[in-house]
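One structure is given here, and the rest of the page talks about it.
The values are calculated or read from the model by the stated rules, or taken from the named source; none is laboratory data. Quick caveat, the model's predicted, so the values are computed rather than measured. Neighbour counts are summed over all protein chains in view; Cβ atoms, including those assigned to glycine, are modelled from backbone coordinates with ideal geometry.
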């Protein structure tokens, strides 16, 4: 399923948020022209060398794209970029605050020239406001959004182990662009989308924000356990395996007491009868549950929990995720070409019954000459731009 075939996206993108948004569009068939700095490119290319010499971040967020190197601060490069935007459906950017506007690529200016264009700006904090000009990396936004206040252990806060604020902003940019394309189909008009990492992350903070509503105590940092539901979290079996399990309601609680703990009377104990009771007495109840896990191997515990049934999971390593039997059964692991050879990649979630678009991760500037040729530049003109570091 490639419903965005025929849609062209020009993206001045770097790091994660905008590249991740444009990759979702590319996965659905859009042509994404990724504009990069001559010589160095998107700085995420050099984050690490873990994928056969390529950056893990870059390989993940940049398949299905074309790479055009262009110095748009040079008048000749700016002219090329404006010509590309004139023929595009979407212009996406996550440059430093104010950089696009200073380059004459502000939303108002572009929409006056191209009323059908969809302009999507991704920034840390959005405009206007006192934080508009601040640099914003993922950890900074996790901090400002309150995410660190509820993540970690009682003694130590912890950042989420993935770039969650970047990803949140990227996904809201993606869904907003899809909505804008539908709206343009009805009205014939483009629009300006202003997506901030802060607002995207705060939206995802809805549960703790409301839990602490009107001055109430916030949910405590609870490590890998749920902050307000119990039992819900990790338990260690007698052989050292860690098993995740969760009881979500009173029906499951009764079945868990009888089928796993072998103590059906606990279901009506006044300290454990409701989730509020169990949460208030989680230390004592956790000790009872831990003692039962210690009598079993991890495999035995999972078998018993599954028979109850109570939700459970193994704590997989990243190597085990690549070989996850459920992903294999659903054919989710594919191969994509890269400058270092083919590597495995997860198919985009959602579409079923059709082959996903799994095309190459581009080398820096791989498509520069072809794209400039499409704009009508002669070979000699392209050679000159490349030789002078403009392309």
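Would you confirm, using the coordinates I've provided, whether residue 259 is assigned to a loop (DSSP other than H, G, I, E, B) and surrounded by 14 or more Cβ atoms within 10 Å (Cβ to Cβ)?
On the way: assigned to a loop (DSSP other than H, G, I, E, B): no; surrounded by 14 or more Cβ atoms within 10 Å (Cβ to Cβ): yes.
Against the criterion (assigned to a loop (DSSP other than H, G, I, E, B) and surrounded by 14 or more Cβ atoms within 10 Å (Cβ to Cβ)), residue 259 does not qualify.
Show me the helices (runs of 4 or more DSSP H) found entirely inside region 271-323 where at least 2 residues are assigned by TED's automatic domain parsing to the domain that holds residue 259 and surrounded by 15 or more Cβ atoms within 10 Å (Cβ to Cβ). Spell out the reasoning first.
Numbers: elements: 275-280, 282-294, 298-307, 318-322.
The helices (runs of 4 or more DSSP H) meeting that bar are 275-280, 282-294, 298-307.
Take the conditions (1) out of contact with any strand residue (DSSP E or B) (no Cβ under 6 Å at 6 or more places or on another chain); (2) more than 19 Å from residue 24 (Cβ to Cβ); residue 312 misses just one of them, which is (1).
Residues that are crowded, with 20+ Cβ neighbours inside 10 Å and either outside the structural domain of residue 13 (by TED's automatic domain parsing) or within 20 Å of residue 386 (Cα to Cα) (or both) within region 39-50 comprise 41, 42, listed in sequence order. Of all residues in region 27-40, one or more are farther than 21 Å from residue 171 by Cα and under 23 Å from the mean Cα position of the chain (by Cα).
Yes or no, residue by residue, for (1) farther than 18 Å from residue 37 by Cα; (2) surrounded by 15 or more Cβ atoms within 10 Å (Cβ to Cβ):
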residue	(1), (2)
86	yes, no
96	no, no
105	no, yes
114	yes, yes
134	yes, yes
138	yes, yes
142	yes, yes
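In the set (1) farther than 30 Å from residue 8 by Cα; (2) surrounded by fewer than 20 Cβ atoms within 10 Å (Cβ to Cβ); (3) under 19 Å from the mean Cα position of the chain (by Cα), residue 203 fails one condition alone, (1).
Of all residues assigned to region 247-263, none qualifies as being on the phi < 0 side of the Ramachandran plot and in contact with a strand residue (DSSP E or B) (Cβ under 6 Å, 6 or more places away or on another chain). For first residues located in region 71-92 and in the same structural domain as residue 378 (by TED's automatic domain parsing) and in contact (Cβ under 8 Å) with a residue 12 or more places away in the chain, partners that are crowded, with 16+ Cβ neighbours inside 10 Å and in a helix (DSSP H, G or I) and lie 6+ apart or on another chain with Cβ distances below 6 Å form the pairs 71/77; 72/78; 72/81; 90/177; 91/85; 92/18; 92/22. Taken over region 3-28, residues that are crowded, with 16+ Cβ neighbours inside 10 Å and more than 21 Å from residue 166 (Cα to Cα) amount to 3. Looking at (1) at pLDDT 95 or above; (2) in a loop (DSSP other than H, G, I, E, B), which one does residue 111 not meet, given that it meets all the others? It fails just one condition, (2). When residue 23 is tested against (1) assigned to a loop (DSSP other than H, G, I, E, B); (2) modelled with pLDDT of 95 or more; (3) more than 16 Å from residue 91 (Cβ to Cβ), just one condition goes unmet, and that condition is (1).
Output the residues belonging to region 133-160 that are in a loop (DSSP other than H, G, I, E, B) and on the phi > 0 side of the Ramachandran plot.
If the condition is that a residue be in a loop (DSSP other than H, G, I, E, B) and on the phi > 0 side of the Ramachandran plot, then 146 is the only one that fits.
Out of the residues in region 354-381 that are touching a residue at least 12 places away in the same chain (Cβ under 8 Å) and under 16 Å from residue 28 (Cα atoms), state the one that is surrounded by the fewest Cβ atoms within 10 Å (Cβ to Cβ). Checking each candidate, the answer is 354. Taking the criterion of being without any contact (Cβ under 8 Å) to a residue 24 or more places away in the chain and assigned to a helix (DSSP H, G or I), the only residue of region 161-177 that qualifies is 175.
Residue 345 satisfies every condition listed in (1) surrounded by fewer than 16 Cβ atoms within 10 Å (Cβ to Cβ); (2) outside the structural domain of residue 289 (by TED's automatic domain parsing) except (1). Among the residues making up region 49-70, a single one is under 18 Å from residue 17 (Cα atoms), assigned to a loop (DSSP other than H, G, I, E, B) and free of Cβ contacts under 8 Å to residues at least 40 places away in the same chain: 55.
Residues in region 178-210 that are in contact (Cβ under 8 Å) with a residue 60 or more places away in the chain and either closer than 22 Å to residue 106 by Cβ or not in a helix (DSSP H, G or I) (or both): 16 in all.
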